[in-house]
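Okay, structure first, notes after.
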Amino acid sequence: MTGFGDDALVYVSPKDVASSSTLIWQDGARLRLEQHVDELVVHFDRMIDEASIADFEAEAGSYVQTLRWNDDSLLLRPNPGIQIQPDITGNRLVVSFLVADHDAHSEPATPANAERDLAIVSIRADIASGFMGSARRKAEQLAIARPDDRYVRRLLADAQAADGDHRSAAKSYMQAGARDRAAMRTVALAPGQASLWGTIRGGSGFAQGETGARATVSTGDRTMLGVSLRYLVTRADDAMLKRRIVSDIETDATLADITVTMRPAPRLAIDLTGSAWLDTGVVGGGARLVYGSSDTQMRVGYGRGIPDLSFAEQALDNGTVSQLSIGGSAQILPELRSRVDLGWRHYGLRLVDDAAESLTVAGQIDYIVSRRPIVLSLGYRIDAEYVQSVALVPSGRAYLPLGNRENHTVQAFASGAAGPVLLTGGAGWTIDRYGGSGPNVSLAAGVPLGLQWQLDAGVGMTSISRPGYPARQTFGRIELRRGLGSGR
């Protein structure tokens with residue numbers, strides 16, 4: 001054993017060993033121990049097996065006060081009166097629990113502790129399987145039953161963070177006394193975050209570039225305020241606009257967006273949005289209701305007169321879109337997740353409010369083939385729009401070049417960590433039932449920079465036809481984000 005400090009434990013006699021449990025890492029993992037009087041820290045270079053964690057908790061729950069881990073370290077604190085003796089063999093860590101007071105601590109776990117341990121295993125299993133809503137509800141109930149249990153409070157924080165509720169998770173992490181990197185990054189996000197981004201996309205004679213800044217700030221326990229400013233440049237060639245001109249057309253626009261998110265209940269969110277085209281005075285807004293957790297939810301939304309630059313014609317002539325949508329997501333199995341959204345869409349221009357009307361369908365099914373050593377998944381997507389009406393100019397040409405599209409896409413994705421960097425790549429093929437097919441490839445990276453900063457970037461090519469982009473497109477995006485909290 002290596003990495004012991006001067007305050008390493010002096011162990012009691014082996015006859016006082018109450019239990020021993022084993023943690024198993026991936027093959028080839030190198031483990032390094034850092035031991036203090038009341039805790040053990042394990043540093044490692046490969047991920048720990050989640051099933052091993054669950055087994056360890058089931059066996060050792062009555063002896064453990066705190067067990068938490070992230071991508072490269074694990075912290076273990078025993079209950080009062082218990083000492084721990086670790087032993088490393090390859091990628092395995094055997095932890096023996098030694099009772100300092102044999103008479104006081106040699107009794108088996110009480111029914112209450114056994115019930116706690118089973119609940120913890122169930123919650124961890126739900127988190128690992130993607131059932132975030134179930135995990136959170138179970139953790140909330142367990143936290144009410146055991147308000148002074150710091151490990152349960154930490155588990156609740158993990159479930160809240162996995163569900164995307166950073167503010168509640170930050171409170172729970174602080175109450176649990178969590179000081180590891182993952183917890184502190186969540187604490188840094190709790191007050192809100194600010195970001196800068198840039199995006200380029202283009203293809204088939206139509207290209208757009210966008211830069212923007214956004215800040216989202218917590219204004220109360222259950223409300224968030226988001227404000228953003230976007231600057232877009234649109235470029236289209238003669239054929240795209242169907243005009244008899246010599247050079248390409250280029251135009252720019254500045255848009256401001258504001259969003260207020262209210263959470264009257266943990267599983268209910270209401271978004272009120274507004275958007276303004278500052279150059280022309282076009283203003284629109286809408287509302288969206290989301291019920292459920294991040295894994296399984298229902299969504300209903302309506303927006304009216306929102307500035308829209310999907311088409312070159314809209315960028316030149318005060319484009320707007322109004323939309324009614326309804327949809328939902330469901331985690332069907334640990335490996336299987338689905339989503340579907342249906343919509344009615346209404347396009348407008350400065351002089352033609354009824355430029356076009358359509359019905360939309362978007363859906364996907366993803367199946368996780370493997371979780372270790374990297375996450376491998378297969379996915380099917382449908383992205384369709386069926387035109388109901390299009391207004392025509394006197395010459396007979398449509399104001400907007402909108403046509404039916406029905407994209408069917410099959411893709412494979414791989415995601416894994418290279419040190420602190422999370423990499424995700426995808427490749428697949430799209431067939432549009434109304435004509436056209438082609439490849440899709442993408443690569444994205446997320447790079448944490450300390451506790452508060454995060455850099456995200458992605459590039460790719462897609463053959464999924466979209467409004468204004470009837471054929472193959474390329475895209476790239478980079479974003480720098482900062483949590484507004486100190487992370488400490």
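The values are calculated or read from the model by the stated rules, or taken from the named source; none is laboratory data. Please read these numbers as outputs of a predicted model, since none were measured by experiment. Here the Cβ is made from the backbone with ideal geometry for all residues, glycine too, and neighbour counts use every protein chain on show. When the accessible area is computed, the model is the full protein with side chains, heavy atoms only, and any ligands, DNA or RNA have been set aside. Shrake-Rupley method; radii C 1.70, N 1.55, O 1.52, S 1.80 Å.
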Qualifying residue in segment 345-355 (condition: closer than 30 Å to ILE48 by Cβ and in contact with a Leu (Cβ under 9 Å, 6 or more places away or on another chain)): no
Residue count, segment 253-302 (criterion: hydrophobic (A, V, I, L, M, F, W, C) and farther than 24 Å from THR360 by Cβ): 8
Any hit, segment 453-473, residues being among the hydrophobic types (A, V, I, L, M, F, W, C), in contact with a Phe, Trp or Tyr (Cβ under 9 Å, 6 or more places away or on another chain) and farther than 26 Å from ALA312 by Cα: no
Matching option when the condition is within 20 Å of the chain's Cα centre (by Cα) and open to solvent by 70 Å² or more (accessible area, probe 1.4 Å), among VAL375, VAL421, VAL459: VAL459
Segment 195-225, subset over 20 Å from ILE478 (Cβ atoms) and touching a Ser or Thr at 6+ places or on another chain (Cβ under 7 Å), residue modelled with the highest pLDDT: LEU225
Residue within segment 212-231 that is open to solvent by 30 Å² or more (accessible area, probe 1.4 Å) and among the small types (Gly, Ala, Ser) present: yes
Residues of segment 399-416 satisfying the condition of being surrounded by fewer than 18 Cβ atoms within 10 Å (Cβ to Cβ) and not in a loop (DSSP other than H, G, I, E, B): GLU406, HIS408, VAL410, ALA412, ALA414, SER415, GLY416
Test result for THR474, open to solvent by 70 Å² or more (accessible area, probe 1.4 Å), polar (S, T, N, Q), within 27 Å of ILE374 (Cβ to Cβ) and touching a residue at least 24 places away in the same chain (Cβ under 8 Å): yes
Qualifying residue in segment 348-357 (condition: of a type in the set (Asp, Glu) and farther than 23 Å from SER465 by Cα): yes
Every pair of residues 6+ apart whose Cβ atoms lie under 6 Å, when the first sits in segment 119-137 and is within 21 Å of SER338 (Cβ to Cβ) while the second is of a type in the set (Ser, Thr, Tyr) and surrounded by fewer than 21 Cβ atoms within 10 Å (Cβ to Cβ): ASP126/SER134; MET132/SER294; GLY133/THR296
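State which residue is modelled with the highest pLDDT when the search covers only segment 382-398 and only residues that are outside any strand (DSSP E or B) and open to solvent by less than 40 Å² (accessible area, probe 1.4 Å).
Top of the filtered list is ALA391.
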Qualifying residues in segment 179-211 (those that are more than 18 Å from the chain's Cα centre (by Cα) and of a type in the set (A, V, I, L, M, F, W, C)) - the one least open to solvent (accessible area, probe 1.4 Å): PHE206
Residues (buried (at least 16 other Cβ atoms within 10 Å of the Cβ) and outside any strand (DSSP E or B)) located in segment 21-49: ALA29, ARG46, MET47, ASP49
Test: GLN35 is within 32 Å of the chain's Cα centre (by Cα), among the polar types (S, T, N, Q) and at pLDDT 70 or above: no
Filter result for TYR469 (more than 16 Å from VAL421 (Cβ to Cβ) and open to solvent by 60 Å² or more (accessible area, probe 1.4 Å)): no
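GLY446: under 30 Å from ALA190 (Cβ atoms), modelled with pLDDT of 90 or more, assigned to a strand (DSSP E or B) and open to solvent by less than 30 Å² (accessible area, probe 1.4 Å), yes or no?
For GLY446, the condition - under 30 Å from ALA190 (Cβ atoms), modelled with pLDDT of 90 or more, assigned to a strand (DSSP E or B) and open to solvent by less than 30 Å² (accessible area, probe 1.4 Å) - is met.
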Condition check for TYR173: modelled with pLDDT under 85, crowded, with 18+ Cβ neighbours inside 10 Å and within 22 Å of PRO78 (Cβ to Cβ): no
Some residue of segment 432-442 being open to solvent by 40 Å² or more (accessible area, probe 1.4 Å), within 25 Å of the chain's Cα centre (by Cα) and either within 30 Å of GLY226 (Cβ to Cβ) or of a type outside the set (Gly, Ala, Ser) (or both): yes
In segment 98-157, the residues that are modelled with pLDDT under 70, part of a helix (DSSP H, G or I) and surrounded by fewer than 17 Cβ atoms within 10 Å (Cβ to Cβ): HIS102, ASP103, ALA104, PRO111, ALA112, ASN113, ALA114
Where a residue in segment 380-403 is more than 30 Å from TRP429 (Cβ to Cβ) and without any contact (Cβ under 8 Å) to a residue 40 or more places away in the chain and its partner, wherever it lies, is assigned to a strand (DSSP E or B) and open to solvent by 40 Å² or more (accessible area, probe 1.4 Å), with Cβ under 9 Å and at least six apart: SER389/GLU357
